[in-house]
Structures are given as structure tokens and as C-alpha cells.
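Colleague: Supplied in C-alpha cells, the structure appears directly below.
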Amino acid sequence: MCNSRKLLGITLLLVFFLSSCTKNSEQFILCSDEDGVICSAKSSFNDTIFYENRFPDTTVYYYAALSKYQNKQLQQLIQNLKTEKSLSEFVLMPGSGTFIVASDKVRFYEANYSIPTRNTQKILTMFRDMSSQMKPCPKTKDFWNIEGVTPPDNPVP
């Protein structure tokens, strides 16, 4: 009887520990303002990239599935990004994008499109390749669920 209680207690602690670890899972968003459309891509490194396109009058959501290889490659590219100098806050600048990376803390990185780093170029190429596989989906409620980050407003026409 005592052994089964210990086993149950250890099991509950393990479940609690694992669930608390997954709440702080790593995720990122790449956001840019392209010709009056705010385009964002997000992944939590599960098996999907979600896209959000903000137009002046509406917001449209898409998704694209990732293979295990693509997911691992994307995870490595974001790890490499974390070695670059971070920005102090989230800003959208013309001609560039901003990476928001949340893991142990939230960090921001500029993706300068005119002179991208090799790593940024690989990420952008991956997103361009995946965009041909995008499928419409309903509103993604937790797209901007990164603590301390306010999503951009829809662009003004």
C-alpha cells in the first residue's frame, strides 16, 4: 500500500514537472511590414508554422506543416539567431523584420532584408519555400501569446 502511494506521488510530481516545463516552451515570431501588409510567421517547434497577414480592414491566418527535418532545421536556425545581438524592444522598421524569440526570456532581433545575415537568409528562404504550402485556417487565438509583447495594429491604408 505504501509503495503504491509513493509511486502515485512520484507520478504526480513528474506530470506536474513536465507540464510546467511545456508552459515555457520555446517559440518565435518573425514580423515585418511589407507594402502596407503586416506579415508574421510563428512556430513553437512542434510541426507547424502559422502565418498572420494583417491588412487595413482584415486579418487572415494560414498554416503550413513542417517535416521533422524542417522542424529541426528551423530550431537550429533560431538557436543560431540567439547568438546575435538583441534589440531592447519590439519595433517594426521598413525594409526589415523583427524576430521575437521566447524561451528563458523574451528577446528581439532585427532581420535586415537588404543585408541579411547568413542565418537570417536561411530562415527567410525557408519561410518563402513554406509559403507555397500555406492553407487557410481560422483565427489563431494564441498567435501573440508572448508575455510583454503587444501585437501590431492593422496597417493604416
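Colleague: Highest mean first, how do 108-114, 120-126 rank when packing is the count of other Cβ atoms within 10 Å averaged over residues?
Modeller: With the highest mean Cβ count within 10 Å placed first, the list reads 120-126, 108-114.
Colleague: Then there's this: Which ³J(HN,Hα) values, rounded to whole Hz and listed in residue order, are derived for the range 29-34 from phi using the Karplus coefficients 6.51, -1.76 and 1.60 in 6.51 cos²θ - 1.76 cosθ + 1.60 with θ = phi - 60°, glycine and proline given as x?
Modeller: Going residue by residue, I get 9, 10, 10, 8, 9, 10 Hz, with x marking Gly and Pro.
Colleague: Also: Take every Cα-Cα distance within the range 93-157, group them into 10 Å bins from 0 onward, and report for each bin the whole-number percent of pairs it holds.
Modeller: Distribution as computed: 15, 38, 44, 3 percent.
Colleague: OK, next. Considering the options Ala41, Phe55, Leu66, tell which one lies farthest towards the positive end of the dipole of the range 35-104, charges being +1 on Lys and Arg and -1 on Asp and Glu at the Cβ, about the Cα centre.
Modeller: The one lying farthest along the dipole's positive direction is Leu66.
Colleague: In Å, what Rg and Dmax follow from the Cα atoms of the range 49-133?
Modeller: Looking at the range 49-133, its Cα Rg and Dmax stand at 13.6, 37 Å.
Colleague: While we're here: How long is the gain from Lys82 to Cys137 if the chain were fully straight, where each residue apart is worth 0.36 nm and the alpha carbon distance is subtracted?
Modeller: 16.8 nm
Colleague: Under a Cβ-Cβ cut-off of 11 Å, what is the net charge of the residues other than Glu52 that fall near it, where Lys and Arg count +1 and Asp and Glu count -1?
Modeller: +3
Colleague: Then there's this: Straight-line reach from Lys105: which lysines have a Cα under 27 Å away, not including same-chain ones fewer than 8 places off?
Modeller: List returned: Lys23, Lys42, Lys68, Lys72, Lys82, Lys85, Lys122, Lys139, Lys141.
Colleague: List the aspartates and glutamates whose Cα sits under 15 Å from the Cα of Lys135, skipping any in the same chain fewer than 8 residues away.
Modeller: Result set, ordered by chain and number: Asp47, Glu52.
Colleague: Which percent of the accessible area of the range 35-157 is formed by carbon and sulfur heavy atoms (probe 1.4 angstrom)?
Modeller: 51 percent
Colleague: Find the eigenvalues of the gyration tensor of the Cα atoms of the range 45-85, then list the square roots of 5 times those eigenvalues as equivalent ellipsoid semi-axes, largest first, in whole angstrom.
Modeller: Listed largest to smallest, the semi-axes of the range 45-85 are 25, 16, 5 Å.
The values are calculated or read from the model by the stated rules, or taken from the named source; none is laboratory data. Source: prediction; values computed, not measured. Neighbour counts are summed over all protein chains in view; Cβ atoms, including those assigned to glycine, are modelled from backbone coordinates with ideal geometry. The accessibility values were calculated without ligands, DNA or RNA, using every heavy atom of the protein model including side chains. Shrake-Rupley method; radii C 1.70, N 1.55, O 1.52, S 1.80 Å.
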